[in-house]
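Undergrad: Before anything else, here's the structure in question.
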Amino acid sequence: MSADPIDAGTAASAVVRRPRVVLGVSGGIAAYKAVEVLRQLTETGHDVRVVPTESALRFVGEPTWAALSGHPVATDVWTDAAEVAHVRLGREADLVLVVPATADLLARSATGRSDDLLTATLLTARCPVVFAPAMHTEMWEHPATVANVATLRARGCLVVDPAVGRLTGADSGAGRLPEPVEIAALARSVLARSVPARRSTGHSHGGPPEQAPDLAGRRIVISAGGTREHLDPVRFLGNSSSGRQGYGLARAALARGAQVVVVAANVALPDVAGARTIPVVSAVQLREAVHARAAQADVVIMAAAVADFRPVVRATYKIKKGDGVPEPVALARNPDVLAELVAARRPGQVLVGFAAETGGPGVDIVDLGREKLARKGADLLVVNQVGDGLGFEVDHNAAVVLGADGTQTVIERTSKDLLAHQVLDLVAARLAVTDDPVVGVPAGTRR
Ligand code: CTP
């Protein structure tokens, strides 16, 4: 994720204004992790106002929030009454992010209560609202919480599924707050899309609430990283894909309301907040994990670099040089997962491939991409040049996205998160068309 606030959507504006975030904090033990979310956001140039609840202050005190945000902190609507803080905060915010969101806070927000500054701000906000819940598993799974989460999502709020893991005590289960660095990254991905849209419509004060995110309710499977094909327990044939682009896509899809499963091949990054992550090692494992979920998915994005070959034999024990010069390694072809997905595609499903290419003398990567797209049969192929600070193991990327319908979209060098949103714009357009009974007629021309 880029640390540049301009990447969070300010490039179009001549005067760079820092994106404004209201960080709501409710009273759960995970409040201490919200301190790190605050730091992450201020360090990446965001103007953050912290609005804790009274009970949040029992976990982390007011001076911590004030010192780290650089702004005064209040919990009730009576402080600074002449300023009408709840109206100003809600109206001026580009994003309201609640970390952690307790069961009580979700309930109060779902029922429209406004008995403190945070819930009042949530009612006046007309920007995207993200809740990152954290609580014990029983509370998260209680029908009352399930219903409140459904209500908030139906209103267009993002409610991030908590991670599964260690809870307050020795217990573990669903309810753990995702890693703060990933909550901040998700917040930036939401801003990357919403701030330019709000600026271009001039929509920053009053007006109707934001519309539901465009991928709300969509199920998206994304493969990321690079597979490893082991020769023995410690050596493998692999590639240098870091998983950053796949994770950027996952974040962007979540930021737009999708339910996301990430099939992660050897990715050394924190799990994306709100995504279900399935770790795999080899191409065969990746194939199984992707196929197990693809039938239910609206979109499958194959961002992983999948090895085309694997050693026929995997030695049980480490190969020792004392064993002499090894025989040439015999290789077997791996299945082509994307081609299999195309063969098994269900109506309306959108399939996206990636092709990282270096080109070569007299070889144009777009020509290579067109040939590959035709061979694979996907709907979209994201062709990117690797090398020169682009592609693998770096934060930036550039691409040409080829459509099976003959379209060609150039994405100039940008952060992997912004590139992800541009790819998802193309995906969303195709989902809208396939959902449409009057295929081929642009939505704006119909009555
Ligand atoms: N892919 C796949 N299964 C494979 C190899 C690739 O699903 N065994 C997918 C990748 O995830 C990517 C797309 O196919 O989305 C293109 O991958 P790439 O390695 O560029 O294509 P190949 O068909 O392997 O072509 P080549 O190696 O000859 O460039």
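Undergrad: State log₁₀ I(q)/I(0) for the range 246-308 at q = 0.30 Å⁻¹ as given by the Debye formula over alpha-carbon point scatterers of equal weight, solvent excluded.
TA: For the range 246-308, the Cα-only Debye profile gives -1.55.
Undergrad: With a 1.4 Å probe and all protein chains kept in place, how do Tyr32, Tyr247, Tyr317 rank by accessible area, largest first? List each step's numbers first, then the result.
TA: Details: Tyr32 135, Tyr247 5, Tyr317 180 Å².
Largest accessible area first, the list is Tyr317, Tyr32, Tyr247.
Undergrad: Right, next: Could you list which residues have their amide H under 5 Å from that of Val263, counting only those 5 or more apart in sequence or on another chain, with H placed in the peptide plane?
TA: Amide H to amide H, under 5 Å and 5 or more residues apart or across chains, Val263 pairs with Ile222, Ser223, Ala224, Ile278.
Undergrad: Oh, and also: From largest accessible area down, sort Thr277, Thr316; use a 1.4 Å probe on the protein chains.
TA: Values: Thr277 40, Thr316 105 Å².
Reading off the accessible areas and sorting them downward yields Thr316, Thr277.
Undergrad: So, one more: Based only on Cα atoms, what Rg/Rh ratio does the range 6-201 have, Rh being taken as Kirkwood's radius?
TA: Details: Rg = 15.9 Å, Rh = 16.7 Å.
Rg/Rh: 0.95.
Undergrad: What area, in nm² and to one decimal, does the C-alpha convex hull of the range 124-276 cast on average over all directions?
TA: Working: hull surface 46.0 nm².
Averaged projected area of the range 124-276's Cα convex hull equals 11.5 nm².
Undergrad: If you don't mind, there's one more thing I want to ask. For the chain, give the share of DSSP beta bridges that are antiparallel, in percent and rounded to the nearest 5; count only bridges with both residues there.
TA: Values: 21 of 64 bridges.
Looking only at bridges with both residues in the chain, the antiparallel portion is about 35 percent.
Undergrad: Looking at the chain, do any whole DSSP H helices span at least 15 angstrom along their long axis by alpha carbon and average 0.5 or above on Kyte-Doolittle, and which? Could the numbers behind the result be given before it?
TA: Numbers: long enough: 31-43 (19 Å, -0.10); 143-154 (16 Å, 0.70); 180-201 (31 Å, 0.27); 244-255 (16 Å, 0.02); 283-294 (16 Å, 0.02); 365-376 (16 Å, -0.51); 416-435 (28 Å, 0.62).
Helices meeting the criterion: 143-154, 416-435.
Undergrad: If the range 64-117 were replaced by its equivalent ellipsoid, with semi-axes equal to the square roots of 5 times the Cα gyration tensor eigenvalues, what would those be, largest first, whole Å? Provide the component values of the computation, followed by the final result.
TA: Details: eigenvalues 77, 47, 27 Å².
So the three semi-axes of the range 64-117 are 20, 15, 12 Å.
Undergrad: So, one more: I need to check one value: relative contact order of the range 6-201, counting alpha carbon pairs closer than 8 Å and at least 6 residues apart, in percent.
TA: Values: 365 pairs, mean separation 47.2, N = 196.
That works out to 24 percent.
Undergrad: Relative contact order of the chain: what whole-number percent is it, with Cα pairs under 8 angstrom and at least 6 residues apart?
TA: On the way: 921 pairs, mean separation 53.5, N = 447.
Relative contact order, the chain: 12 percent.
Undergrad: Now for a different question. Taking only protein heavy atoms into account and a 1.4 Å probe, give the accessible area per residue of the range 6-201 in Å².
TA: On the way: 8210 Å² over 196 residues.
The answer is 42 Å² per residue.
Undergrad: Something else now. Compute the FRET efficiency between Val325 and Val284 as 1/(1 + (r/R0)^6), taking r as their Cβ-Cβ distance and R0 = 35 Å, and round to the nearest 0.05.
TA: Details: r = 29 Å, r/R0 = 0.82.
Rounded to the nearest 0.05, the efficiency is 0.75.
Undergrad: Give me, ordered by chain and number, the residues 5 or more places off Phe309 or on other chains with an amide H under 5 Å from its own placed amide H.
TA: Here Asn334 satisfy the definition.
Undergrad: Can you list residues whose amide H is under 5 Å from Ala101's amide H, if they're 5+ apart or on another chain and H is modeled 1.01 Å from N?
TA: Distant-sequence amide H within range of Ala101: Ala132, Ala134.
Undergrad: Working with all protein chains in place, sort His230, His421, His136 by solvent-accessible area computed with a 1.4 Å probe, largest first.
TA: Numbers: His230 40, His421 10, His136 65 Å².
Solvent-accessible surface, decreasing: His136, His230, His421.
Undergrad: Roughly how many Å² of Arg287 are accessible to a 1.4 Å probe, to the nearest 10?
TA: 80 Å²
Undergrad: From the Cα gyration tensor of the range 313-364, with a ≥ b ≥ c the square roots of its eigenvalues, which class applies: rounded if a/c is under 1.5, or else prolate if a/b is larger than b/c, or else oblate? Don't skip to the answer; put the middle values down first.
TA: On the way: a/c = 4.19, a/b = 1.75, b/c = 2.39.
Oblate, because a/c is 1.5 or more while a/b does not exceed b/c.
Undergrad: So, taking all protein chains as they sit and a 1.4 Å probe, how much accessible area belongs to Asp115, in Å² rounded to tens?
TA: Result for Asp115: roughly 80 Å² accessible.
Undergrad: Less than 13 Å apart at the alpha-carbon level, and either on another chain or at least 8 residues along: which aspartates and glutamates does that give for Lys416?
TA: Asp4, Asp7, Glu393, Asp395
Undergrad: In whole angstrom, how far apart do the alpha carbon centroids of the range 301-322 and the range 329-351 sit?
TA: Using only Cα atoms to place each centre, the spacing works out to 19 Å.
Undergrad: Taking all protein chains as present, what is the carbon and sulfur share of the accessible area of the range 301-345, in % to the nearest whole number, probe 1.4 Å? Don't jump to the answer; show the numbers that get you there.
TA: Details: 1840 of 3210 Å².
Of all accessible area on the range 301-345, carbon and sulfur atoms account for 57 percent.
Undergrad: Now for a separate question. Compute the Rg to Rh ratio over the range 261-384 from the alpha carbon atoms, using the Kirkwood formula for Rh, and round to two decimal places.
TA: Values: Rg = 17.4 Å, Rh = 16.8 Å.
Radius of gyration over Kirkwood radius for the range 261-384 works out to 1.04.
Undergrad: Sticking with this one: Give the calculated FRET efficiency between Val84 and Asp115 to the nearest 0.05, with a Förster radius of 22 Å applied to their Cβ-Cβ distance.
TA: Values: r = 16 Å, r/R0 = 0.75.
Calculated transfer efficiency: 0.85.
Undergrad: Right, something else. Taking a quarter of the surface of the Cα convex hull of the chain, what do you get in nm²? Don't jump to the answer; show the numbers that get you there.
TA: Values: hull surface 104.0 nm².
So the Cα hull casts an average projection of 26.0 nm².
Undergrad: Return the aspartates and glutamates within reach of Lys321: Cα separation strictly under 14 angstrom, same-chain partners fewer than 8 residues apart disregarded; answer none if there are no such residues.
TA: In chain and number order, the partners are Asp232.
Undergrad: Could you please state how large a percent of the accessible area of the range 6-201 is carbon and sulfur, counting protein chains only and using a 1.4 Å probe?
TA: Working: 4510 of 8210 Å².
Using a 1.4 Å probe with all protein chains present, the range 6-201 comes out at 55 percent carbon and sulfur.
Undergrad: Among DSSP bridges having both ends in the range 6-201, what percentage is antiparallel? Round to the nearest 5. The partial results should precede the final answer.
TA: Numbers: 4 of 20 bridges.
Bridges in the range 6-201 are about 20 percent antiparallel.
Undergrad: Using only protein heavy atoms and a 1.4 Å probe, report how much of Ile319 is accessible, in Å² to the nearest 10.
TA: Answer for Ile319: close to 70 Å² accessible.
Undergrad: Considering all alpha-carbon pairs of the range 335-390, what whole percent are spaced by more than 16 angstrom?
TA: Working: 714 of 1540 pairs.
More than 16 Å apart: 46 percent of the Cα pairs in the range 335-390.
The values are calculated or read from the model by the stated rules, or taken from the named source; none is laboratory data. Given the structure is predicted, the values throughout are model-derived calculations rather than measurements. Every residue, glycine as well, gets a Cβ built from its backbone with ideal geometry; the counts of neighbours run over all protein chains shown. Each accessible area value is taken on the protein alone, full model and side chains, heavy atoms only, with ligands, DNA and RNA left out. Shrake-Rupley method; radii C 1.70, N 1.55, O 1.52, S 1.80 Å.
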